[in-house]
1. Over the Cα atoms of segment 17-100, how large are the radius of gyration and the largest Cα-Cα distance (Dmax), in Å?
2. In nm, to one decimal, how far is the residue 13 label point from the residue 338 one, both placed 7 Å along Cα→Cβ?
3. On alpha carbon coordinates alone, what is the Rg over Rh value for segment 193-260, Rh being the Kirkwood radius?
4. Which length gain, in nm to one decimal place, applies between residue 240 and residue 283 when the Cα-Cα distance is subtracted from 0.36 nm times their residue separation?
5. Per-residue HN-Hα couplings for segment 45-53, Karplus 6.51 cos²θ - 1.76 cosθ + 1.60 at θ = phi - 60°, whole Hz, x for Gly and Pro?
6. Just rank 84, 420, fewest to most, by other beta-carbon atoms within 10 angstrom.
7. If we count every other residue with Cβ under 12 angstrom of residue 3's Cβ, Lys/Arg +1 and Asp/Glu -1, where does the sum land?
8. Could you tell me the convex hull volume per residue, in Å³, taken over the Cα atoms of the chain?
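Read-outs throughout are calculated quantities, based only on the coordinates presented, and are distinct from any laboratory measurement. Source: prediction; values computed, not measured. Using ideal geometry, Cβ is built from the backbone for each residue, glycine included, and neighbour counts are taken over all protein chains shown.
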Amino acid sequence: MKTIRELSNELKNKTLTSEELVRSCLKKIEEENEALNAFIWISPTAIDEAKEIDRRREAGEELGVLAGIPIAVKDNILVQGWEITAGSQMLEGHMSAYNATVIERLKNAGAILIGRTNMDEFAMGSSTETSHYGATKNPHDRTKVPGGSSGGSAVAVAAGFVPCALGSDTGGSVRQPASLCGVVGLKPTYGRVSRYGLIPMASSLDQIGPFTLTVEDAALVMEVIEGKDENDATSIELASTTAPELIEPDVKGLRVGLPKEYFVAGMDAELRARIDEAVKKFEAAGAVIKEVSLPHAKYALAAYYIVAPSEITSNLGRLDGLRYGYHSQGSNLLDTYEQTRGEGFGPEVKRRIMLGSYTLSAGYYDAYYKKALQIRTLIKQDFDEALKEVDVILTPTSPSVAWDLGAKFNDPLTMYLSDIYTVTANLAAIPAISIPCGTAHGLPVGLQLMGRAFDEHMLYRVGMWFEKK
Ligand code: GLN
């Protein structure tokens, strides 16, 4: 698969039509999707939409970079008229009544939405195995997980089905599958991209972000989807940003921070070697490598797994069998709630709802939820301090490469540990990107760069430099 930039140039120069491009994507999907289970549904109108873009181009209309480019959508982002399930039986048959803001913006830019990608149920998971639609497989080795929860979107790009897919990242669900599948994945600063029309998991942590083949492509997609939205009060008016083509990929004199708490024993040795080599490349190019400290990072997972379930409990309360999707009739109202939720939700979702109900309950609120919020603030302060001393923070994205399907499925705590390097950026509301960084044990390794709030530009600049090395 070529990059968005390359495809866009071909479309513009008329050496390729959008119809041809979409047909070739659909062909590949038809041949390989059954084995990988990246897409759970394909839009029947994609070819017609592509023809319409070709017609407008022929008519001499000035079209943007994304016009005619096929994009896949995670099954928790609303596209009007499409079914939306968030990978859950609970929402089976539920139709989106309106477009998410990101979808509205992509459509206005002429992007062709190809279909819905598989995901962990309600975005809870790190392996795309909790989906009602079955597990997604890693294209580098089909016996391995693709990461999660946006595993379908990561695989759609990694397998060459589409040049771009949207995911959502609450604790790593864009970056971690990007890392395990060998593509680029960006979690923007909280507030940079509207969450309107994203089925919420944990609203204070959720952000929509792109999967692409290159950092430049991620920046191109961000230009279209980011910015203030009156339908999301947490979205922010952005100062004008540099166009991706004007960014100078360069790291000379930049200060790159390595958190000492992250580089400890226990990290996979071969993966560690790839990260160490990356650090050497930065040094050789004139970057200043500095050790930084994130003293509260050791509490990040614990805090995340209290804050997130608390918000999950409250967000999923609306799924009662009466207002949306699945319904199982009981002999009275309480039975109906219990039956619907008992049958409609899978075990991981139930576990989180129970955890969140517990941490928010009267007797435990102060001991757990409040404490977790206090730790969250300390973690944010750690990052603020560290990012005064350095321009970016460099870590692995995931402590290991892709693991065997099923290996961690019945062991939630081990599964949660795979988020150890990613949840902090969500807690601190800062931007972070995962970029391919070679292989270990024959499987992709991801390098994570984290930056100051709203300074995605720095991640683009450093990331573009790194991927050329
Ligand atoms: N794997 C993490 C979790 O299960 C993150 C999920 C996400 O980012 N949506 O909570």
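1. 14.7, 46
2. 6.7
3. Values: Rg = 15.1 Å, Rh = 14.5 Å.
My calculation puts Rg/Rh at 1.04.
4. Working: separation 43, 0.36 × 43 = 15.48 nm, distance 3.11 nm.
Full-extension gain reported as 12.4 nm.
5. So the J values, rounded to whole Hz, are 9, 4, 5, 4, 5, 5, 4, 5, 5.
6. Fewest-to-most ranking of 84, 420: 420, 84.
7. Details: positive: 2, 5; negative: 6, 10, 216, 217, 467.
Charge balance near residue 3 sits at -3.
8. Convex hull of Cα atoms, per residue: 138 Å³.
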